[in-house]
Amino acid sequence: MKKNIEYILGFVLLISIILWGRFGLSSTMLFFRLLAGIGLGYALARSFFGFAGTVNRMCHTGSTKLMRVVVGMFLGSAIVTTGVLLMQDPAGFDLWVNPINIGLILGGLLFGFGMAFSFCCASGVLTDLVTGLPRALITLFFFGLGVFIGFPVQTTAGWVRNSWFSTAVGEKLYGGVYLPDLFKWDGLNGYLGAIILTAILSGIFVWIAKIVEDRNKARKTYTGTESERIQYQTYNDNEEPFKLFSKKTYEKLFVRPWKLGVGATVIGAIFVMLMSVTKAGWGASTPYGFWFGRLLISFGVSPEKLASFTNKPVGVYTMPFFDHPINVQNVGIILGTLIALLLAGNLIKSFKGGLSITFKDSIFFAIGGLCMGFGTRLANGCNVGALYTPIANFSLSGWIFFIFLIAGGIIGYKVNKKTC
């Protein structure tokens, strides 16, 4: 009975959100951002997908399946994005070709370290607001604080802004290395060479990840991940004839978890749509600093003082909340997660399961959020803004960030393990 109520509430909520977005938001672009966010949140929740899990699952359970799927998504997104960019001037897009410098390295280490402490990332903290509210709220508060205090460093420090080396198109963007610039002779404006290089780098990461998992199995340190066992269990669907209006059909459509590959495909498709429609990739973390600033305003701090400290326009702290496209998209991710759990009949169970935390847990989540937030300012992005989007945009910075994010995650896991 409780599950039936959740099913109904899920559909009511979905329809209500769509109607609100259509008539309550001020532009078609904002409505599109809302739908994209809902899709991302739904896919992340339905497939147990999360960027933090790439390292955390490897450290805690020995499984690198998620990491291999994520790398495959990077490659697939880059290939499909080529269709968007091939006949266009890349300078006309907001490509996240980030600088390569000490800030990128330190930011990757800090972000990976924070992921290990908070068990989430910049996008994962939004889905966790539904499934692990206390942990997510603590992490998000300190994540926002980290972004906020990192704004002045990001906007003024040369070791964060200036790239050690760059290419022609990269110099026009944010100063990094745009891989197609290295292969202008390939007959496809450099994209053929960039795809091949991206495929090679992806193959190396997948190969190493598979070696790590096989080694864990050989050493008997592989326990596997419960969510992956649930995703990949088999069902006897051929025992009964197909009926459109039946419990089994509903379960297929809305209840059964997606396999990781399905989640990656949906997320990748939404990413490409974002690139096509908005001419920019997926970002999440910068608004967290603005949210923290809005909180300070509610306690009497003037927007002008915030703008002066962060070197940001006053308007980012005073504009209507739902006029900012990433705010709308981030809220969409939260709502998409909520809808996924309601339609699956798992909201109450998931919500209750995430309520219990200790004081020591709270300290760890605070440290994790602060490290991730400040790390995003040094690296000019988070798990989507410094990792996924740059790799899909053929930026060398994304691969470098990935290496140090993994290193930071392993360090964070070892520190966490010793202190527990």
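The values are calculated or read from the model by the stated rules, or taken from the named source; none is laboratory data. Source: prediction; values computed, not measured. Neighbour counts are summed over all protein chains in view; Cβ atoms, including those assigned to glycine, are modelled from backbone coordinates with ideal geometry.
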Problem - Identity of the residue in region 222-247, among the aromatic types (Phe, Trp, Tyr) and modelled with pLDDT of 90 or more, that ends up nearest to residue 43 (Cα to Cα) - result: 232
Problem - Selected residue (criterion: farthest from residue 303 (Cα to Cα)) from residues of region 325-361 that are of a type in the set (Gly, Ala, Ser) and not in a helix (DSSP H, G or I) - result: 345
Practice task
Could you tell me whether region 388-402 includes any residue that is aromatic (Phe, Trp, Tyr), part of a helix (DSSP H, G or I), more than 22 Å from residue 271 (Cα to Cα) and more than 15 Å from the chain's Cα centre (by Cα)?
Solution key: no
Handout entry: Matching option when the condition is loosely packed, with under 14 Cβ neighbours inside 10 Å, without any contact (Cβ under 8 Å) to a residue 40 or more places away in the chain, more than 15 Å from residue 396 (Cβ to Cβ) and β-branched (Val, Ile, Thr), among 234, 221
Key = 234
Handout entry: Search result, residues across region 4-38 that are surrounded by fewer than 20 Cβ atoms within 10 Å (Cβ to Cβ), small (Gly, Ala, Ser) and closer than 23 Å to residue 277 by Cβ
Key = 24, 26, 27
Handout entry: So residue 280, is it touching a Cys at 6+ places or on another chain (Cβ under 7 Å), closer than 13 Å to residue 36 by Cβ and touching a residue at least 12 places away in the same chain (Cβ under 8 Å)
Key = no
Practice task
Answer yes or no as to whether residue 168 is in contact with a strand residue (DSSP E or B) (Cβ under 8 Å, 6 or more places away or on another chain) and touching a residue at least 12 places away in the same chain (Cβ under 8 Å).
Solution key: yes
Exercise for the section: Select from region 286-324 the residues that are more than 25 Å from residue 26 (Cα to Cα) and part of a loop (DSSP other than H, G, I, E, B) and list them in ascending order. Expected result: 299, 300, 301, 302, 311
Problem - Meets criteria (modelled with pLDDT of 95 or more, surrounded by 24 or more Cβ atoms within 10 Å (Cβ to Cβ) and either assigned to a helix (DSSP H, G or I) or at positive phi (or both)) for residue 366 - result: no
Exercise for the section: Report yes if residue 150 is crowded, with 23+ Cβ neighbours inside 10 Å, in contact (Cβ under 8 Å) with a residue 12 or more places away in the chain and closer than 14 Å to residue 103 by Cβ, otherwise no. Expected result: yes
Handout entry: Matching residues in region 130-139 - criterion: being surrounded by fewer than 24 Cβ atoms within 10 Å (Cβ to Cβ) and either within 21 Å of residue 414 (Cβ to Cβ) or modelled with pLDDT of 95 or more (or both)
Key = 137, 138
Exercise for the section: State whether the residues of region 40-50 include one that is charged (D, E, K, R), buried (at least 22 other Cβ atoms within 10 Å of the Cβ) and over 25 Å from residue 225 (Cα atoms). Expected result: no
Practice task
Under 6 Å between Cβ atoms, at least 6 apart or on separate chains: pull out the pairs that start in region 351-380 with a residue that is more than 19 Å from residue 409 (Cα to Cα) and end on any residue that is at pLDDT 95 or above and of a type in the set (Ser, Thr, Tyr).
Solution key: none
Exercise for the section: State which residue is farthest from residue 135 (Cα to Cα) when the search covers only region 331-349 and only residues that are crowded, with 16+ Cβ neighbours inside 10 Å and not aliphatic (A, V, I, L, M). Expected result: 345
Problem - Qualifying residue in region 118-126 (condition: β-branched (Val, Ile, Thr) and either within 28 Å of residue 413 (Cα to Cα) or buried (at least 21 other Cβ atoms within 10 Å of the Cβ) (or both)) - result: yes
Exercise for the section: Taking the options 200, 195, name whichever one is at pLDDT 95 or above, in contact with a Ser or Thr (Cβ under 9 Å, 6 or more places away or on another chain) and either on the phi < 0 side of the Ramachandran plot or of a type in the set (Ser, Thr, Tyr) (or both). Expected result: 195
Practice task
Collect the residues in region 351-374 that are within 30 Å of residue 386 (Cα to Cα) and polar (S, T, N, Q), keeping them in residue-number order.
Solution key: 362
Exercise for the section: Would you point out which residue out of 64, 82 is touching an Asp or Glu at 6+ places or on another chain (Cβ under 8 Å) and of a type in the set (S, T, N, Q)? Expected result: 64
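Which members of region 160-188 meet the condition of being surrounded by 20 or more Cβ atoms within 10 Å (Cβ to Cβ), of a type outside the set (A, V, I, L, M) and in a loop (DSSP other than H, G, I, E, B)? Steps first, answer last, please.
We begin by selecting, within region 160-188, every residue surrounded by 20 or more Cβ atoms within 10 Å (Cβ to Cβ); these are 160, 163, 166-167, 169-170, 173-181.
Now narrow it down to the ones that are of a type outside the set (A, V, I, L, M): 163, 166-167, 170, 174-176, 178, 180-181.
Residues satisfying the conditions are 163, 166, 167, 174, 175, 176.
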Exercise for the section: Just need a number here: residues in region 192-229 that are of a type in the set (Val, Ile, Thr) and within 19 Å of residue 52 (Cα to Cα). Expected result: 5
Exercise for the section: Kindly establish whether residue 142 is within 21 Å of residue 336 (Cα to Cα), touching a helix residue (DSSP H, G or I) at 6+ places or on another chain (Cβ under 8 Å) and in contact (Cβ under 8 Å) with a residue 24 or more places away in the chain. Expected result: no
